[in-house]
Structure formats: C-alpha cells, structure tokens
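Below you'll find the structure, written out as structure tokens, and then a few comments.
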C-alpha cells in the first residue's frame, strides 16, 4: 500500500510540474511594437553570477515546511518533512469517521408524484456503500427500478480536508452525461 501511495505522489508531482511548465510557457506576452532605430547602448562589463538564494536555517521548534528546498535530494530531512506533512494531510480524519454510519447494504423505497391528485409511482431498490482508497471515500452502488425501468447509479462521497467540505459525485443510467 505504501509503495502505491508514494508512486501516486511521485506521478502526481511529475504531472503537476509538467502542467505548470506547459501553462507557463504558453502565457501570452503583449505584442511589442517595433522600436525606432536607436544607437546601440555601450557595452557593459559582465556581472558576476548571482548566488542562488538559500533558505534560512530551521530553528528548534519550527514547523516542517510543506515545500522542500529546490534541488533537495530524496531522503533529505527537508524532503522527509514535506512527505510527512503530505501524509498527515491526506490521512482520513474525524470527518471521514462521521460517514461510517452510511456503510452497508440498505433497501430503499421511492414515491414519485407526477402531478397534483395523481397516484404516486412507487419503486424499490438496493443501496450498497463501502469504503475505498484507504477509507478516504465511500462508493455507493444503487440498483433498482424507476418508473418501471431498470435503474443503476454510482456515487462517491468524500471529505476535502483543505476546503473543509464534503463532496458527492453521482452518475446514473437515466441522465446522459451527468
């Protein structure tokens, strides 16, 4: 499990870096107007190369940084601190624990009223919810009938610890394209 987790983190970082580089390279620059002919500036002596900026040394009691020092080798203390911070942020928390009562298999019954005074259209089905991805998401499978037609649905419930909000994603065979 840990190998897959770190493989995912590595692939995610590589894809993010490639996407950022592509997006930065594609930024449009304003069109420059041709400059009027001017004399060339006098030659300047070359400047000494600037030293790369080095971050201040960590002091006892400082929290580990979520971003490693550029060029930090794998296994360095800075990289390990970043990986520990990422691991803590991605671990399921009390918000995920609150979803625990939803796990299991349930029978459901629905009533749909097509209009005022019309009798309801009744249907039944089965809902099964199980943990996936290390108890980070609930997968919801629904099978039954709706208005005398077969119905299938698939949902995912999770909690985003950064945005501090629950998310629910749903697709089914009744609505094309979501």
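Within region 149-178, list the residues whose amide N lies under 19 Å from a label point set 7 Å along Cα→Cβ of residue 95.
The answer is 156-170, whose backbone nitrogens lie closer than 19 Å to the label point.
Return the ratio Rg/(2.2 N^0.38 Å) for region 95-172, where Rg is computed over Cα atoms only.
Values: Rg = 15.3 Å, N = 78, 2.2 N^0.38 = 11.5 Å.
Computed over Cα atoms of region 95-172, the ratio equals 1.33.
According to a simple spin-label model (label point 7 Å from Cα along Cα-to-Cβ), what is the distance in nm between residue 79 and residue 160?
Inter-label distance under the simple model: 3.0 nm.
Using alpha carbons only, how many angstrom separate the centre of region 135-163 from the centre of region 73-105?
Here the two parts' Cα centres lie 23 Å apart.
If r is the Cβ-Cβ distance from residue 147 to residue 105 and R0 is 30 Å, what FRET efficiency results, to the nearest 0.05?
Rounded to the nearest 0.05, the efficiency is 0.80.
Only the coordinates and a few stated rules stand behind these numbers; no lab work does. Not measured: the values here are computed from a predicted model. Glycine also receives a Cβ, built like all others from the backbone with ideal geometry; neighbour counts cover every protein chain displayed.
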